[in-house]
1. Looking at the chain, which longest stretch skips every one of the GluC sites (Glu not before Pro) that is in a DSSP loop with at most 13 other Cβ atoms within 10 Å, leaving the sites themselves out?
2. If you place +1 on the Cβ of every Lys and Arg and -1 on the Cβ of every Asp and Glu, how big does the dipole about the Cα centre of the chain come out, in debye to the nearest 20?
3. To one decimal place, what Kirkwood hydrodynamic radius in Å is obtained for segment 55-173 from all pairs of distinct Cα atoms?
4. Considering the dipole of segment 78-173 built from charges on the beta carbon (Lys and Arg +1, Asp and Glu -1) around the Cα centre, which of 133, 95, 109 is farthest to its positive end?
Amino acid sequence: MGTAITPQLVDIVDTVSATRSYSSGMSRNLRTCQIERWGLRMECPTPEDPFSDTEVTWLLPDLNLRLTQQKPRSRHARGGPSVLTAVRVLRDGRYWRTTDLLLGLAAPGSGSTARIVRSEEFAAAVAGLVLRVGDADLALCTVHKTLEELSRFRHDLSSWLAYKHIFEVWPPY
């Protein structure tokens, strides 16, 4: 059974109205939408997700990455891994356009090794010419470089972020 090929996933964030629009046509109001020196900080509720209450996302355009963490609904539930996804970010005034490059890393936290995720979806998108050669190269280089850097910090995202001069606490709750 093959992996389904999906069209490119493009999100557009309007930083003035604090709205994130998805390729599916759905849009969401953001609780937090703040431009930082390192990128864009966002937080939005996830009412359709039975396990997650909130999604926190940081766009790191200089690193070609989107960092995402789901906050569980139950205060007793253990949170899932942080996900670093290769993206292409274009900023045009108040709008931030993010193209998902379909390859990323799941980083469970200190003491656990980060692992590459979505490789089958990525391979299908490359084979189906959904991803251009330049985007595929960018995704591979970004993910492998990030994995190598994370391994130098024993897969500790906070230490890696500090190395990148991002000193805010992750995850931010």
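1. Of all site-free stretches, the longest is 49-167.
2. Rounded to the nearest 20 debye, it is 300 debye.
3. 15.0 Å
4. 95
Only the coordinates and a few stated rules stand behind these numbers; no lab work does. Predicted model only: the values in this text are computed from it and were never measured. Neighbour counts run over all protein chains shown; Cβ positions are idealised from the backbone, glycine included.
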